[in-house]
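S.K.: Structure provided below as structure tokens; questions to follow.
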């Protein structure tokens, strides 16, 4: 199977990448994806398209950079990209943890302040009225 | 009944401390009217035990780490109008007798931050490996924060109101000790160390930080500094 001098894999991949690229353009035009993010993803997709349609190009780039083969270059770049990706996910995770903490703190302070403002309803030997965890409620007559 | 000046609040972060919390709190309540417990999402009866002793019991719905619990307690104490905020560990390693010496310099207006130091005082039975780890932490702090302290990982501290207002612990876990030292440096508020006793018991050792965990704390701290 050979169309325009391309094998089946090349054909399918190049069409798929072109389709995603077109979708990205639409999303950026609609404002659903920010321009900077769109540009970054566009560059990655464009590079993938070039690498698929002209397989020699990665090898030529690899030789230019002093790396043996194009496939090696691709795997090195993948490793770097994954590290950057992990780091970004890690930063997001930290931000998320931070938000959860702020939420938990707000809840703790607010509910304590509320219980306190309700006056001496809190018994010396038991939980607040709303606490239904087992073992918290005071024993009868205590 | 209180030995400590009015307006002094003691914050006790607690996570799964049902075995010790009640005794620690009862001792604290003998010297201080305002004891805040922050139950950091314990799975045991820590919260119920705390409520039996103090009306100021707060509960994190989810465990967030000691740094987060401290910050919650400090914010709550400030909201309640605290003029001095102390921190005190829940595992029974501190002595309530030491609190007065921490609060006194602040009340006298001599400084804003007072840190307890076990190496100035008497630390009872520090295991050698833990001593080494703590010393390494102190050295690290001297290099990174350029603040000369004899003990940076001591849970016994006191802050004036204006110092407490500047405290913003961002690291939820254990790197907050170093973070607090950075706050000491960044605010430029006068600080001092006073000798305190630490009682090392099998319980407090088991609850404390493992030596391996210091690497995680170090990692936390470095990442915080890099990304802030």
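The values are calculated or read from the model by the stated rules, or taken from the named source; none is laboratory data. Computed from a prediction, not measured in an experiment: that's the story for all the values here. So basically every Cβ, Gly included, is an ideal-geometry build from the backbone, and we count neighbours across all protein chains shown.
S.K.: Would you please name the residue that is modelled with the lowest pLDDT, looking only at residues in the range B:15-34 that are within 19 Å of residue B:78 (Cα to Cα) and within 13 Å of another protein chain (Cβ to nearest Cβ)?
M.R.: B:29
S.K.: Still on this structure, please answer the following. If I ask for residues that are crowded, with 20+ Cβ neighbours inside 10 Å and within 24 Å of residue A:98 (Cα to Cα), which ones from the range B:160-173 would you list?
M.R.: First pass over the range B:160-173, keeping only residues crowded, with 20+ Cβ neighbours inside 10 Å: B:160, B:163-164, B:167, B:169, B:171-172.
Passing the criteria: B:163, B:164, B:167, B:169, B:171, B:172.
S.K.: Within the bounds of the range B:62-78, is there any residue that is over 13 Å from residue B:9 (Cα atoms), part of a strand (DSSP E or B) and in contact with a strand residue (DSSP E or B) (Cβ under 6 Å, 6 or more places away or on another chain)?
M.R.: No, the range B:62-78 contains no residue that is over 13 Å from residue B:9 (Cα atoms), part of a strand (DSSP E or B) and in contact with a strand residue (DSSP E or B) (Cβ under 6 Å, 6 or more places away or on another chain).
S.K.: Here are some residues: B:46, B:87, B:72. Which one is crowded, with 21+ Cβ neighbours inside 10 Å and either under 17 Å from residue B:160 (Cβ atoms) or more than 14 Å from chain A (Cβ to nearest Cβ) (or both)? Even if it seems obvious, please write down each step before you answer.
M.R.: Numbers: B:46 fails: either under 17 Å from residue B:160 (Cβ atoms) or more than 14 Å from chain A (Cβ to nearest Cβ) (or both); B:72 fails: either under 17 Å from residue B:160 (Cβ atoms) or more than 14 Å from chain A (Cβ to nearest Cβ) (or both).
Result: B:87 is the single residue among B:46, B:87, B:72 that is crowded, with 21+ Cβ neighbours inside 10 Å and either under 17 Å from residue B:160 (Cβ atoms) or more than 14 Å from chain A (Cβ to nearest Cβ) (or both).
S.K.: If you take the residues of the range B:49-69 that are facing chain A (nearest Cβ under 8 Å) and in contact with a helix residue (DSSP H, G or I) (Cβ under 6 Å, 6 or more places away or on another chain), which of them is nearest to residue A:109 (Cα to Cα)?
M.R.: B:58
S.K.: Considering every residue within the range A:48-56, establish whether at least one is within 22 Å of the chain's Cα centre (by Cα) and either surrounded by 13 or more Cβ atoms within 10 Å (Cβ to Cβ) or within 16 Å of residue A:9 (Cβ to Cβ) (or both). Before the answer, list the steps.
M.R.: Residues of the range A:48-56 that are within 22 Å of the chain's Cα centre (by Cα), as a first pass: A:48.
Among the residues that remain, those that are also either surrounded by 13 or more Cβ atoms within 10 Å (Cβ to Cβ) or within 16 Å of residue A:9 (Cβ to Cβ) (or both) are: A:48.
So far as the range A:48-56 goes, yes, one or more of its residues are within 22 Å of the chain's Cα centre (by Cα) and either surrounded by 13 or more Cβ atoms within 10 Å (Cβ to Cβ) or within 16 Å of residue A:9 (Cβ to Cβ) (or both).
S.K.: Something else: Just checking, does the range A:79-87 include any residue being at pLDDT 85 or above and in contact with a helix residue (DSSP H, G or I) (Cβ under 6 Å, 6 or more places away or on another chain)?
M.R.: Taking the range A:79-87 first, the residues at pLDDT 85 or above are A:79-87.
Applying the additional criterion that residues be in contact with a helix residue (DSSP H, G or I) (Cβ under 6 Å, 6 or more places away or on another chain) yields none.
No.
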